[in-house]
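Nothing in this text is a laboratory measurement; each read-out follows from the coordinates by a stated rule. Values in this document were obtained by computation on a predicted structure and should not be read as measured data. Methodologically, a virtual Cβ is constructed for each residue, glycine included, from the backbone with ideal geometry; neighbour enumeration extends over all protein chains shown.
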Amino acid sequence: MTPSWPRQLRALLLKDLRLELRTRDTVVAMLLFSVVAMMIFQFAVGSRGDDLTDVAGGILWATLALTAVLGVGRSWVPEREQRVLDGILVAPIPRLVLLASKVGAIYAYLLVVEVIAVPLTALFFIRNGQAADLLLVGVVCLVANLGIAVLGSLLACLALFARARELLLPVLFLPSMLPVVIAAAGAVHSVAGGTNDLAEYRGYLLFLGVYAVIFGLVAYATYDHVFDD
Amino acid sequence: MNEYVTAAYGVILFALLLYVVVVGMRSARLAREAELLARLVEREEAERDEPARTGLAAR
Amino acid sequence: MSSTTDARPARRLAVTGVVTGALLALSVYGVFFVAPEDADQGIIQKIFYFHVAIAMVALLAFLVAAIEGIRYLRDRDPRHDEVSCICVGIGLAFSVLVVITGSIWAKASWGTWWVWTDPRLVTFVIVLLLYAAYFVLRSSADGERQARYSAIYSVAAFASVPLSFYSVRVARSFVHPVVFNQDGANMPDSMLAWFVVGQIAMIGVFLTILQLELIQRRADRALRRVKARLEAAA
């Protein structure tokens with residue numbers, strides 16, 4: 001009796017998350033990387049002691065974009081390393097569910113990183129910040145992560161079998177990420193960068209939502225062809 | 001200001017000419033390979049005819 | 001349907017080429033000797049005729065590439081992959097030209113070789129990255145997978161194009177609420193006519209190059225087949 005797709009999705013997602021929880025490879029690496037990246041930005045542009053509040057949003061999302069590459073690159077690794085992918089494809093699991101489970105995994109990894117990175121950004125770069133603004137930044141993360149996760153899981157599959165996988169993925173992933181960086185950084189800036197412009201914030205959030213929807217559609221249209229037959 | 005307009009159109013013209021050169025080089029390579037193959041075929045035909053003639057002479 | 005001894009592609013190329021050449025000549029003549037000079041920008045505005053035409057054709061090329069990508073995914077006919085690949089190449093080359101001519105225009109208009117404030121210019125830089133990645137992806141795979149992955153990416157990349165454009169524009173619009181200068185939105189007919197001629201000429205260039213590339217690849221494949229046969233017989 002084939003289980004329903006929500007149950008399959010939950011099963012696959014929990015499998016990946018449990019695996020990650022056990023080894024913690026990916027998330028720890030992403031966390032460390034994000035902190036180091038922020039330090040790089042600080043030392044690169046802030047050594048003179050300038051107030052970086054204005055660009056804090058930019059630093060946050062530059063960091064998250066680069067960190068996302070790590071997480072996305074690792075999202076299919078369980079299948080690849082254990083050669084489980086063929087087995088899963090043979091099993092009666094809709095490929096869309098498989099893709100969705102990867103989307104969920106990346107989303108989760110990003111969220112964990114953001115839980116640390118967002119307060120850190122406020123601590124390092126924002127002067128006179130307000131806690132309420134952080135909640136708004138959190139919402140930006142929630143929406144942006146969706147587009148990143150969908151884009152990432154699709155492109156990671158394209159890079160999966162390449163010889164220079166670690167090189168190919170950033171090259172594929174980052175140019176398509178640029179609109180997210182622009183919009184998410186702009187959204188953070190509009191509420192936490194020394195100003196408070198909710199109209200601007202909503203505009204950027206809307207864009208991020210549209211981004212997620214459009215790439216959701218792209219993924220939906222092409223997911224079946226991503227996997228070898 | 002004229003220099004800028006000329007520069008812009010010049011770049012476009014240059015790009016087109018560059019493409020012509022690229023096509024020319026590809027064309028030359030195709031010609032070389034075709035010629036190589038033609039010579040190969042002619043040589044093989046000559047080799048096939050050769051033994052037949054020496055065979056007749058030997059008899 | 002046999003295309004091996006078909007002379008029609010050559011004839012089509014000849015027609016397209018000649019018409020395009022004529023249109024290009026006509027267009028340059030019109031832009032420089034007939035179209036009135038722009039009141040605000042002066043002669044610099046002349047750059048725009050081809051700059052915009054090339055930009056539009058680049059986007060058209062990417063659209064065709066995406067469509068051919070979808071068609072490949074549907075019927076797995078390698079010809080669609082071939083057309084898709086060539087179109088991305090043409091689009092990429094044209095995009096380079098857009099950025100270069102845009103930079104020249106920026107220098108002429110604002111005194112600097114580069115500005116981050118023009119959404120069109122920035123979009124094409126992003127486009128360069130997007131579609132350069134297409135070729136990196138292609139070189140990472142072979143055969144059927146190469147075609148399939150390229151097709152998928154051609155669709156994803158094309159989706160990124162309007163998203164990139166609007167992200168830059170939305171960001172700009174919050175700083176400068178005024179609708180930025182849409183050069184070409186309110187153009188006198190005398191200018192508009194030559195814009196259209198230039199646009200059609202550029203589309204002709206695109207079609208000419210596309211056909212030329214297809215013919216060359218056909219020749220290459222045929223030679224390879226002969227070579228393979230001879231090597232097998234030897």
Using a 10 Å Cβ count of at most 16 others and DSSP loop calls, identify the longest part of chain A lacking such trypsin sites (Lys or Arg not before Pro).
A:164-229
3J(HN,Hα) from dihedral phi, segment C:100-106, Karplus parametrisation 6.51/-1.76/1.60, rounded to Hz, x for glycine, proline
5, 5, x, 5, 4, 5, 4
Would you calculate, for chain B, the mean residue ellipticity at 222 nm contributed by helices, counting each DSSP H stretch of 4 or more residues as -39,500 (n - 2.57) and dividing by all residues, to the nearest 500?
-36500 deg cm²/dmol
Fewest to most Cβ atoms within 10 Å: A:V180, A:V45, C:V52, C:V175 sort as C:V175, A:V45, C:V52, A:V180
Counting only chymotrypsin sites (Phe, Trp or Tyr not before Pro) that sit in a DSSP loop (anything but H, G, I, E, B) with at most 12 other Cβ atoms within 10 Å, what is the longest stretch of chain C containing none of them?
C:117-234
Residue by residue, what Karplus-based ³J(HN,Hα) values in Hz, rounded to whole numbers, does segment C:223-228 have, using 6.51, -1.76 and 1.60 with θ = phi - 60° and x for Gly and Pro?
4, 4, 5, 4, 4, 4
Fewest-first sequence of C:M191, A:M39, C:M56, A:M30 by Cβ atoms within 10 Å of each Cβ:
A:M39, C:M56, C:M191, A:M30
Residue-wise, which Karplus ³J(HN,Hα) couplings in Hz belong to segment B:13-19, taking 6.51 cos²θ - 1.76 cosθ + 1.60, θ = phi - 60°, and x for glycine or proline?
4, 4, 4, 4, 5, 4, 5
Under the rule rounded for a/c under 1.5, else prolate if a/b exceeds b/c, else oblate, using alpha carbon gyration tensor axes a ≥ b ≥ c, chain A is classed as prolate
Under a cut-off of 27 Å between alpha-carbon atoms, report the lysines in cross-link reach of C:K46, not counting same-chain residues fewer than 8 places apart.
C:K107
Given the alpha-carbon gyration tensor of segment A:124-229, what are the semi-axes of its equivalent ellipsoid in whole angstrom, ordered largest first, with each equal to the square root of 5 times an eigenvalue?
32, 15, 9
Determine the shielding of peptide C:146-153 by partner chains: average, over its residues, the number of Cβ atoms on other chains within 10 angstrom of each Cβ.
5
With runs of 4+ DSSP H residues as the only contributors, calculate the mean residue ellipticity of chain C at 222 nm using -39,500 (n - 2.57) per run, divided by the residue total and rounded to the nearest 500.
-28500 deg cm²/dmol
In straight Cα distance, which lysines are under 30 Å from A:K102, not counting same-chain residues fewer than 8 positions off?
A:K15
Report, to two decimal places, the Cα Rg of the protein assembly as shown normalised by 2.2 N^0.38 Å (N = number of residues).
1.17
Projecting each Cα onto the charge dipole of segment A:5-226 (Lys/Arg +1, Asp/Glu -1 at the beta carbon, about the Cα centre), which of A:V140, A:T26, A:A117 comes out farthest on the positive side?
A:T26
Divide by every residue of chain A the summed helix terms, -39500 (n - 2.57) for each DSSP H run of at least 4, and state the resulting mean residue ellipticity at 222 nm, rounded to the nearest 500 deg cm²/dmol.
-28500 deg cm²/dmol
Cα-only Debye scattering, chain C: base-10 log of I(q)/I(0) at q = 0.09, 0.16 Å⁻¹
-0.47, -1.21
When C:S190, C:S173, C:S95, C:S154 are arranged by how many other beta-carbons sit within 10 Å of their Cβ, fewest first, they go C:S190, C:S173, C:S95, C:S154
